[in-house]
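Comments concern the structure below.
Every number in this text was worked out from the coordinates using simple rules, so none of it is lab data. Given the structure is predicted, the values throughout are model-derived calculations rather than measurements. For neighbour counting, all protein chains shown are included, and Cβ atoms are generated from backbone atoms with ideal geometry for every residue, glycine included.
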Amino acid sequence: MVVLTSVAKSLKNLKIQSSTTHLFRFRSIRTLLLQSASESVKLQQLTDSDSGILEVNLERPATKNAIGKDMLRGLQYAFEVVNKDSAAKVLMICSSVPKVFCAGADLKERKTMSPSEVQNFVHSLRSTFSYLEELYIPTIAVIEGAALGGGLEMALSCDLRICGEDAVLGLPETGLAIIPGAGGTQRLPRLVGKSKAKELIFTGQKIGGRDAMSMGLVNYCVAAGEARAKALEIARDINQKGPLAIRMAKRAIDGGVELDMASALALEEDCYEQLLHTKDRLEGLAAFAERRKPNYRGE
């Protein structure tokens, strides 16, 4: 059942003071709160002209959004709902807790687990982040404050990452005599290179937002508190494009990056051919000829 949140009502007529370069922020933002499997994970659907943009919010302030069993269930449920929603076009993962994205695993809870329970939990976490990575729509991690351990690994599983300049990112697991176990040892070097990834993981070093951007770990580093606004700007841009084309572009990039060039180009050709007979492609050509905004329906 879908219910209108009180927060959404208060935001409906909100005007945000900003420079002309951020005019997109003046548009009203309304959301619908979807059912959740966890109190610490909320899935919201933006409405009106932002229909198609969904937002997962992490809400576990007492533990700085540390990922325990309950939050993991909530993340799994939210991602499954998104993947089944044919109207979904972009997903943003945010935090409702000030100055923290996600502090990593809930170590207090983990201390009570047996080795086999830890193994099962980490396996589920790894599988959940792989599922996130494989969602058919673009995903954006909105990082304000700390994104450490499993929190950074979740962000690494997204297509894009936007952070505030006061963000702190790192994989500190070796300081606990373990290694990143939810994809960090594999996704980080693919983003920043093998040597830099080794340095960050071997030392457990935490880096700031500007350094993260300079090494390619995040796409944008903006003023503190502005990461969601920047992510929403990008999400709105994506939301206006042909949704089938976006899905095929993601498939071509993700599937081709590990292939040899000939195989990758063959994959690109297959993805392109799947778009040739769509109504959206014809609508795009018509809109261009008529100098109007296209009305894509994902058909």
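Some notes on this structure:
- About its Cα centre, the chain has a charge dipole of approximately 840 debye under the convention of +1 per Lys or Arg Cβ and -1 per Asp or Glu Cβ, with nothing else charged.
- When the range 44-105 is reduced to its Cα atoms, the Kirkwood hydrodynamic radius in Å: 12.4 Å
- Sparse packing (at most 12 other Cβ atoms within 10 Å of the Cβ) combined with a DSSP loop state is found for the following GluC sites (Glu not before Pro) in the range 231-289: 258.
- Taking 37 °C and 0.692 mPa s as conditions, the range 39-174 diffuses translationally at an estimated 219 µm²/s according to Stokes-Einstein applied to its Kirkwood radius (Cα pairs).
- In this structure, the amide hydrogen of residue 143, modeled 1.01 Å from its nitrogen in the peptide plane, lies closer than 5 angstrom to those of 162, 163, 164, counting only residues at least 5 positions away or on a different chain.
- The chain: angle of helix 227-239 to the longest principal axis, Cα-based, in degrees nearest 10: 40 degrees
- Value at 222 nm in deg cm²/dmol, rounded to 500, when DSSP H runs of n ≥ 4 in the chain each add -39,500 (n - 2.57): -13000 deg cm²/dmol
- Segment residue 299-residue 124, length gained on full extension (0.36 nm per residue, minus Cα span): 59.6 nm
- In this calculation the C-beta distance from residue 178 to residue 51 is compared with R0 = 41 Å, giving a FRET efficiency of 0.45.
- Karplus-derived 3J(HN,Hα) values for the range 275-280, using 6.51 cos²θ - 1.76 cosθ + 1.60 with θ = phi - 60°, are 9, 4, 9, 8, 5, 4 Hz; glycine and proline are entered as x.
- Relative contact order, percent, the chain [alpha-carbon distance under 8 Å, six or more residues apart]: 13 percent
- When Rg and Dmax are taken over the Cα atoms of the chain, they come to 19.7, 65 Å.
- Potential lengthening between residue 83 and residue 276 on full extension [0.36 nm per residue; Cα-Cα distance subtracted]: 67.1 nm
- Furthest towards positive pole of dipole, 238, 285, 46, structure part the chain, Cβ charges: 46
- Relative to the dominant Cα principal axis of the chain, helix 243-256 is inclined by about 50°.
- Note on residue 293: lysines with a C-alpha under 19 Å away, same-chain residues under 8 apart excluded, are 89, 241, 279.
- Close amide H pairs (under 5 Å, H built 1.01 Å from N) link residue 105 with 67, 150, 151, residues at least 5 positions away or on another chain.
- Structural descriptor for the range 180-235: relative contact order 23 percent, calculated from alpha carbon pairs under 8 angstrom and at least 6 residues apart.
- Among 257, 100, 222, residue whose mean-square fluctuation peaks in a GNM of the chain (springs only between Cα atoms under 10 Å): 257
- DSSP-defined antiparallel bridges as percent of all bridges, the range 72-207, nearest 5: 15 percent
- The Cα atoms of the range 231-295 give a gyration tensor whose axes a ≥ b ≥ c have a/c of 1.5 or more with a/b no greater than b/c, which makes the shape oblate.
- Taking θ as phi - 60° and the Karplus parameters 6.51, -1.76 and 1.60, the scalar couplings of the range 81-88 work out to 4, 4, 5, 8, 8, 5, 8, 5 Hz in sequence order, x denoting glycine and proline.
- Across the range 105-188, the volume of the C-alpha convex hull divided among the residues equals 94 Å³ per residue.
- Each DSSP beta bridge with both residues in the chain is either parallel or antiparallel, and the antiparallel ones are about 40%.
- Stokes-Einstein D (µm²/s) once Rh is taken as the Kirkwood radius of the range 155-299 over alpha-carbon pairs, at 37 °C in 0.692 mPa s: 183 µm²/s
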